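The values are calculated or read from the model by the stated rules, or taken from the named source; none is laboratory data. All values reported here derive from a predicted model rather than from experimental measurement. No Cβ is skipped: glycine too gets one built from the backbone with ideal geometry, and neighbour counts run over all protein chains shown.
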Amino acid sequence: MKVMVAVKRVVDFNVKVRVKGDGTGVETANVKMSMNPFDEIALEEAVRLKEAGVATEILAVSCGPVACQETLRTALAIGADRAILVQTDVELQPLAVAKLLKSVISKEQPKLVVMGKQAIDDDSNQTGQMLAALLGWSQATFASKVKIAGEGAEVTREVDGGLETLSVKLPAVVTTDLRLNEPRYVTLPNIMKAKKKPLETLTPDALGVDVTPRLAILKVVEPPKRKAGVKVADAKALVDKLRNEAKVI
Amino acid sequence: MTQVLVLAEHDGKTVRKATLNTVAAAQKVGGDIHVLVAGHDCAAAAKAAAQIAGVAKVLHADAPHLKDELAENVAAVVVAIAKQFSHILAPATSHGKNVLPRAAALLDCQQISEIIAVESPDTFVRPIYAGNALATVKSADPIKVITVRTTAFDAVAASGGAAAVESVAAPADSGLSSFVGREVAKSERPELTSARAVVSGGRGMGSGDNFKILEPLADGLKAAMGASRAAVDAGFVPNDWQVGQTGKIVAPELYVAVGISGAIQHLAGMKDSRVIVAINKDEEAPIFQVADYGIVGDLFKIVPTLVEELKK
């Protein structure tokens, strides 16, 4: 079974993002970039499926500028067999990415697509669901457990208030939640090996997809700052403040 | 013409509070508000939706294959009725987030996720980078498909309305997926995202057992219980307690953070609470920078005295 994993290059989760002075976005120049953490979990799951003999080939796909090659090399080092970059400098929104991925899928015919539930930059939480919709495939979002059985998959999902288990027909799109697995560290020998793995480059034009953004970003600002309050001496003083000053109890 | 559809969140009998917050967001957009109740044997929920203040009409889709509200089937209902609406809104709950992007793609619309403000019928504010930046975005799509961060909009009244309930046909079962089971965490406490008060513990709790000392505090405040990602990752408490960027976004009247240092990822989930209290032994902990009231000290001593003081 061929498994495809979609990965996004984002500002590293440890970086404190700064809003640009002109309000057009956040500073990404000279900032550490990494693979979206949820996509790393998706890739780890695919590698485990391969190690378990369920997946036969793992294809990693990323859409974005040429620098996404780095992210794809990381994917290859983690365990993907080959990679495709759909290269464009246009700012991609989820619907456009879903259309690009759909187009790649029509050539590659994977049985399963795994990707992060959301990217930690735009926090949209859309692409997996949109991709499943465009393909007419089943979807299992926010997965915390994936079991492949024959022509289907049993997926446990993290939902408000607990867990839900679905049985989905393959092919399917699965999006990953944090607790699905803990991604492995990349080892130096694997980084060396990854350099020799095939990385193909395509373009939206070649795939016949219009990626023009649908949402205009008018401005980006810092959120209002919360002011630090006061320190109180003990529980008694706290209860007094909560009752008489904040009037919240 | 502005006509807004709100996808209701319901349990078959009643509508959940998230629906009321979403109707509030719909009111900011303006125009007629219709509420879609999709499910099986959910006539009672449709009736409850008709009572919501400000709702003009309830659309009720009832079919056996809508019972478990699978994304494929619910999205199909939304798409089938979408053309008469200028806006389609759903709460940004796990259900809304699962269903709405699927419908948006089928309508060839770029969804706008988790809005926190409506600037005009085509312009909205949404947090990005875990709330570390706020983006104002304008949509050119014919239908604005939107999920709503419920904590950003004050709920409308659950009663006072008298909308007509109209049946709508559900498209056939997609047959793509089926429901296997559900494990719902049972609790006597209020639900985390709608509770008036929340008591959360962090890594400083030391163990899952130690979370027991927070229970009488939560009882005294009639609070839901939550946790930081660090506490969840350490295995102290289940994942659905997690408050933060990768967990739940809460904005209660009172948020009490116990043994939580205040990582950015946690702050993203609770910084819009009205009053924040922090109890931590490290006076340099970043949580104190957002807390209205802080106590520096040993939580294992402070929490029990706090419980006693609350009883007075």
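Listed by position, the strands (runs of 3 or more DSSP E) enclosed by the stretch B:224-299 that each have at least 2 residues that are more than 8 Å from chain A (Cβ to nearest Cβ), touching a strand residue (DSSP E or B) at 6+ places or on another chain (Cβ under 7 Å) and hydrophobic (A, V, I, L, M, F, W, C) are B:224-227, B:254-258, B:275-280. Within the set B:V184, B:V125, the sole residue that is within 12 Å of chain A (Cβ to nearest Cβ), over 28 Å from B:L70 (Cβ atoms) and of a type in the set (V, I, T) turns out to be B:V125. A single member of A:K236, A:K193, A:K219, A:K197 is of a type in the set (K, R), touching a residue at least 40 places away in the same chain (Cβ under 8 Å) and touching a helix residue (DSSP H, G or I) at 6+ places or on another chain (Cβ under 6 Å), and it is A:K197.
Only one entry in B:L214, B:L176 is touching a residue at least 60 places away in the same chain (Cβ under 8 Å) and either more than 10 Å from chain A (Cβ to nearest Cβ) or touching a Cys at 6+ places or on another chain (Cβ under 6 Å) (or both), namely B:L214. Since A:P224 meets every condition but one in (1) facing chain B (nearest Cβ under 7 Å); (2) closer than 28 Å to B:L267 by Cα, which condition does it not meet? Against the list (1) facing chain B (nearest Cβ under 7 Å); (2) closer than 28 Å to B:L267 by Cα, A:P224 comes up short only on (1). Scanning the stretch B:92-108 for residues that are more than 7 Å from chain A (Cβ to nearest Cβ), among the hydrophobic types (A, V, I, L, M, F, W, C) and surrounded by fewer than 24 Cβ atoms within 10 Å (Cβ to Cβ) returns a single hit, B:L107. In the stretch A:238-246, the count of residues that are in a strand (DSSP E or B), at the interface with chain B (Cβ under 7 Å from one of its Cβ atoms) and at pLDDT 95 or above is zero.
The set of residues in the stretch A:13-36 that are within 22 Å of A:G128 (Cα to Cα) and at pLDDT below 95 contains only A:F13.
Please work out which residue is modelled with the highest pLDDT, limiting yourself to the stretch B:128-150 and to residues that are closer than 24 Å to B:S194 by Cβ and within 7 Å of chain A (Cβ to nearest Cβ). Filtering first and then ranking leaves B:L134. Once the stretch A:140-193 is narrowed to residues that are at the interface with another protein chain (Cβ under 9 Å from one of its Cβ atoms), surrounded by fewer than 22 Cβ atoms within 10 Å (Cβ to Cβ) and of a type in the set (V, I, T), the residue that is nearest to B:S187 (Cα to Cα) is A:V159. Number of residues in the stretch A:97-124 that are facing chain B (nearest Cβ under 8 Å) and either in contact (Cβ under 8 Å) with a residue 40 or more places away in the chain or more than 16 Å from the chain's Cα centre (by Cα) (or both): the value is 2. Return yes or no: is A:R214 touching a residue at least 60 places away in the same chain (Cβ under 8 Å), over 30 Å from A:G136 (Cβ atoms) and among the basic types (K, R)? Considered against the rule, which asks whether it is touching a residue at least 60 places away in the same chain (Cβ under 8 Å), over 30 Å from A:G136 (Cβ atoms) and among the basic types (K, R), A:R214 comes out as no.
Condition check ((1) among the β-branched types (V, I, T); (2) at pLDDT below 95; (3) within 19 Å of A:L49 (Cα to Cα)) across all residues:
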| position | (1), (2), (3) |
| --- | --- |
| A:L92 | no, no, no |
| A:L101 | no, no, no |
| A:M115 | no, no, yes |
| A:D123 | no, no, no |
| A:G136 | no, no, no |
| A:G152 | no, no, yes |
| A:D160 | no, yes, no |
| A:P198 | no, no, no |
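For A:A6, the criteria (1) more than 14 Å from chain B (Cβ to nearest Cβ); (2) crowded, with 24+ Cβ neighbours inside 10 Å; (3) out of contact with any Gly (no Cβ under 9 Å at 6 or more places or on another chain) hold in every case but one, which is (3). Of all residues in the stretch B:110-122, those that are within 11 Å of chain A (Cβ to nearest Cβ), out of contact with any Leu (no Cβ under 8 Å at 6 or more places or on another chain) and surrounded by 21 or more Cβ atoms within 10 Å (Cβ to Cβ) total 2. Look at B:T22 and say whether it is touching a residue at least 40 places away in the same chain (Cβ under 8 Å), surrounded by fewer than 17 Cβ atoms within 10 Å (Cβ to Cβ) and in contact with a helix residue (DSSP H, G or I) (Cβ under 9 Å, 6 or more places away or on another chain). Judged against the criteria, B:T22 is not a match. Looking across the stretch A:28-54, the residues that are in a helix (DSSP H, G or I) and within 15 Å of A:M1 (Cβ to Cβ) come down to A:E45, A:A46, A:V47, A:R48, A:L49, A:K50, A:E51.
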